[in-house]
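To start, the structure itself, in structure tokens.
The values are calculated or read from the model by the stated rules, or taken from the named source; none is laboratory data. As the structure is a prediction and not an experimental result, all values here were calculated from the model. We place every Cβ from the backbone using ideal geometry, glycine too, and count neighbours over all the protein chains shown.
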Amino acid sequence: MIVSSALAAPGQKPKEAVDYVSPNIGGIGQLLTATIPYVQRPHGMARLAPVVTPGITDRYLADKIFGFPAGPALLMASVGESGAKPEVYASVYDHDFEIATPYYYEADLETWGIRAEFTAARQAAYYRFTFPASPHAHLVLSLRNHAEFTVVGDDAIQGSARADGTVVHLEQDGPETREYFYVEFSRPLHSWQTWQSGAMSQAQKQSGDDIGYVADAATAAGEAIEVKVGISYISAEQARRNLERDIPDWKFDGAKAEARAAWNNALGAIQMVGGTERQRTIFYTALYRSLGRMTDITEDGKYYSGYDHAVHDAEGHDFYVDDGLWDTYRSLHPLQVLLDAPQQEDMIRSFIRMYEQSGWMPSFPSVAGEQAVMIGHHAAAFILDAYAKGYRDFDVAKAYAALRKNATEATMLPWSRGPLTNLDRVYFDKGFFPALAYGEKETEPQVTPERRQSVSVTLETSYDDWCVAQLAKALGKKEDAEYFTRLAHNYQNVFDLSIDFMAPKSADGAWVRPFDPKLGGGQGGRDYFTEMNSWSYTFNVQHDVAGLIDLMGGRDAFNAKLDQLFVEQYGTSKFHFLDQFPDATGLVGQYAQGNEPSFHIPYLYDFSGQPWKTQFRVRQLMDVWYSDGPLGLAGDDDGGALSSWYVLSAMGFYPVCPGNPVYEIGSPIFAQTTIRLGNGKLFTIVANHVSARNKYIQSAQLNGKPLDQAWFRHADIADGGTLVLEMADHPNREWGSAPQEAPPSMSGENLTALRPQ
């Protein structure tokens, strides 16, 4: 899939989409987590990257490679002495002698003089190690975490370990989830040893928390030994079958070519004309990270999508953990609905299956086997967004039943799962989630160290309730629709008119005093907010921006507050502010591009009559906080959340309120962008005269008709279409500014004033 860009030099092959991807972007975190340069298939379950020096947060700066993933095992190659610890086999490496792509990785293991390469299939990995001449060349597998393996021959090993990360069980005390592997070598390795807790032996089977295998063979200079690994969450036998299906032959270059073609096809769903090499690199890398969610294939050949780990029940039924919906419902899922709606429907069916088997609709990855949520039950937004855009190939009635159960029976407490508490009942009875009164000690036993996050819980639950209300309306459930719509207005109850900020209330309805909208709430603001402060969360009313504007006293007051957000300083030194709010990276004033609750905020000017300010801000955020080097992301990518924001914004639009099937218009950076929708139709955005300075929209046409508003409906583009924007270097303050041209909100423009006159 060739991308239109600057002409290639004579004799030089034009770049394809995959050639722009730079997986090491973000390899140094702004403050918290760095990205990982995964090699995988689009939505593949085998995700491969070098395992580098333990404890180094910014993995791009690591000095050594310790090995490579083989399911739950660590695979490594070396020469010379052998031992029973992974560090014995570690090697220094240099990024200048590295190739990192979405489909292939290569590095020199300089300590051993070995070239390591790997590529990926959907549920299998393929490695090639090219050795120097040595009488003692080693291939090593090491495992931890309740692991076991069996040497099943001179050319094969199988085993498993308890799955790391986040999993979902049928019950809190259900069976542990294991990850299985099956390894094949391209040549028999007759001489080998195994170890347990440092003790070497000839035992064919080992089990424990520190076990391993090391083969010893002579190699000629330039000799390659290949290793294929199948993975599964069902059994070692299923891992073997996955390997045989995905990589049936010993043809490394063929597997590499297939992986490259798969990525070119996926990335080629969006093509552009114009922009710089840097912008195309950032864009396609962001798109690559937006397509990284794992899927799995059951034995009947059906796909069930998931973000992290697949699990199964005692009868062998597969179901899948949900992804981090608090992060991904905002931009990642809406982007994927555009590109592959059937896959999103598939994922919803998987969520419903999890509800059938676990009794709950998933909300966020669990911790230690418990279905714990961050805040909110945002499966409602994910499912409504697909439904509202016309993608309904799932049991809507059952999905609604699951969402209704979550909304009415599951506690809203952060990182907790269980029945309703007294705090939840305050939300239903009084319309807000209660905070502790100033100086009050915690009395609710279910509150975790993440504390109550009371204002954020109220705001995000109000949005979820709106989503449930929309599905209830669609299903003709009038009483439910009215009930949840009332709850969707609960955001109003935590807006303190005396200070014009969202603020905490104690259970008796009194405002918590003292309260600082900037620094209140302790670490991460968690007494009242989620990782952010009131400056950000005051704008967190995605489903009713019109109502929020009215609460603030109208458009002028709203715009003044929004303007101030982007210049308001810290109230303390910057390092103290970031120490309290480490997730608030990518700062522009109090706005934090590095954390998801901010994502929709620059687009709110489209609602308040000043869309040219949206155009200015989104360009600024893309230019400042996204780059093509290891420091290229403003914060944690969170499964593609930050990346998908960039993809959508670079194309020129963004969904402020998933579930409301419209897109708000920003400022595209490419002269032309063509999206191949999941149904094969094409949606094209043309930005005439666009440039770094020409970021302001003068006029617009959608499908050949004048567009005087800064938004459009999904239905307008679902079967293809063209959006034409005329760009210039100065704002057009008239375009999209009239009150009747604002995007739709729950309250609409006829809202009865909520502010006392």
Worksheet, complete the sentence: With the first residue restricted to the stretch 187-212 and required to be within 19 Å of ALA161 (Cβ to Cβ) and in the same structural domain as SER160 (by TED's automatic domain parsing), and the second required to be surrounded by fewer than 18 Cβ atoms within 10 Å (Cβ to Cβ) and hydrophobic (A, V, I, L, M, F, W, C), Cβ contacts under 7 Å at 6 or more apart or on different chains are THR194/ALA203
Practice prompt. Check the stretch 94-111 and report whether any residue there is surrounded by fewer than 16 Cβ atoms within 10 Å (Cβ to Cβ), within 27 Å of ALA199 (Cβ to Cβ), more than 29 Å from the chain's Cα centre (by Cα) and among the charged types (D, E, K, R).
Written response: no
Worksheet item: What residue, of VAL152, VAL168, VAL183, is in a loop (DSSP other than H, G, I, E, B), surrounded by 14 or more Cβ atoms within 10 Å (Cβ to Cβ) and either at pLDDT 95 or above or not hydroxyl-bearing (Ser, Thr, Tyr) (or both)?
Response: VAL168
Item to complete: Quick one: which residue in SER82, SER78 is part of a loop (DSSP other than H, G, I, E, B), more than 25 Å from ARG289 (Cβ to Cβ), touching a His at 6+ places or on another chain (Cβ under 9 Å) and not basic (Lys, Arg)?
Response: SER82
Discussion item. Which count do you get for residues in the stretch 476-510 that are surrounded by fewer than 16 Cβ atoms within 10 Å (Cβ to Cβ) and of a type in the set (A, V, I, L, M, F, W, C)?
Written reply: 3
Practice prompt. Any residue in the stretch 411-426 that's closer than 13 Å to SER454 by Cβ: show its pairings with residues that are of a type in the set (S, T, N, Q) and buried (at least 21 other Cβ atoms within 10 Å of the Cβ) at Cβ separation under 7 Å, as long as the two are six or more apart or on different chains.
Written response: MET412/THR461; PRO414/GLN453
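One line per residue, one yes/no per condition, for (1) surrounded by fewer than 19 Cβ atoms within 10 Å (Cβ to Cβ); (2) in contact with a Phe, Trp or Tyr (Cβ under 8 Å, 6 or more places away or on another chain); (3) aromatic (Phe, Trp, Tyr):
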residue: LEU32; (1), (2), (3): yes, no, no
residue: GLN40; (1), (2), (3): no, no, no
residue: PRO54; (1), (2), (3): yes, yes, no
residue: ALA62; (1), (2), (3): no, no, no
residue: GLU87; (1), (2), (3): yes, yes, no
Worksheet item: Among the residues of the stretch 435-447, is any under 17 Å from HIS333 (Cβ atoms) and either assigned by TED's automatic domain parsing to the domain that holds TRP511 or of a type in the set (Phe, Trp, Tyr) (or both)?
Response: no
Item to complete: Could you please tell me which pairs satisfy a Cβ distance under 9 Å, a separation of 6+ or placement on different chains, a first residue in the stretch 569-585 that is on the phi > 0 side of the Ramachandran plot, and a second residue that is crowded, with 18+ Cβ neighbours inside 10 Å?
Response: GLY571/LYS518; GLY571/PHE577
Fill in: From the options LYS398, LYS441, residue that is farther than 19 Å from TYR537 by Cβ, assigned to a helix (DSSP H, G or I) and out of contact with any His (no Cβ under 7 Å at 6 or more places or on another chain)
LYS398
Worksheet, complete the sentence: Of the residues in the stretch 677-699 that are among the charged types (D, E, K, R) and surrounded by fewer than 19 Cβ atoms within 10 Å (Cβ to Cβ), the one that is farthest from THR281 (Cα to Cα) is LYS681
Fill in: Selected residue [under 24 Å from SER160 (Cα atoms) and touching a Gly at 6+ places or on another chain (Cβ under 8 Å)] from ARG245, ARG240
ARG240
Worksheet item: Given the residues ILE375, ILE383, which is the only one that is buried (at least 22 other Cβ atoms within 10 Å of the Cβ), within 29 Å of GLY524 (Cβ to Cβ) and modelled with pLDDT of 95 or more?
Response: ILE383
Item to complete: Could you tell me which of the residues ALA472, ALA481, ALA488 is touching an Asp or Glu at 6+ places or on another chain (Cβ under 7 Å) and farther than 23 Å from PHE529 by Cβ?
Response: ALA472
Item to complete: Can you tell me which residue among GLN193, GLN206, GLN271 is modelled with pLDDT of 95 or more, in a strand (DSSP E or B), closer than 30 Å to LYS15 by Cα and in contact with a Ser or Thr (Cβ under 8 Å, 6 or more places away or on another chain)?
Response: GLN271
Item to complete: State whether the residues of the stretch 665-672 include one that is closer than 18 Å to LEU339 by Cβ and modelled with pLDDT under 95.
Response: no
Item to complete: Within the stretch 549-560, track down each residue that is closer than 15 Å to PRO602 by Cα and crowded, with 20+ Cβ neighbours inside 10 Å.
Response: ILE549, PHE558
Discussion item. Going through THR421, THR411 one at a time, which residue ends up being among the β-branched types (Val, Ile, Thr) and under 20 Å from GLY324 (Cβ atoms)?
Written reply: THR411
Worksheet item: Within the stretch 183-223, which residues are more than 23 Å from PHE131 (Cα to Cα) and of a type outside the set (Gly, Ala, Ser)?
Response: TRP195, GLN196, MET200, GLN202, GLN204, LYS205, GLN206, ASP209, ASP210, ILE211
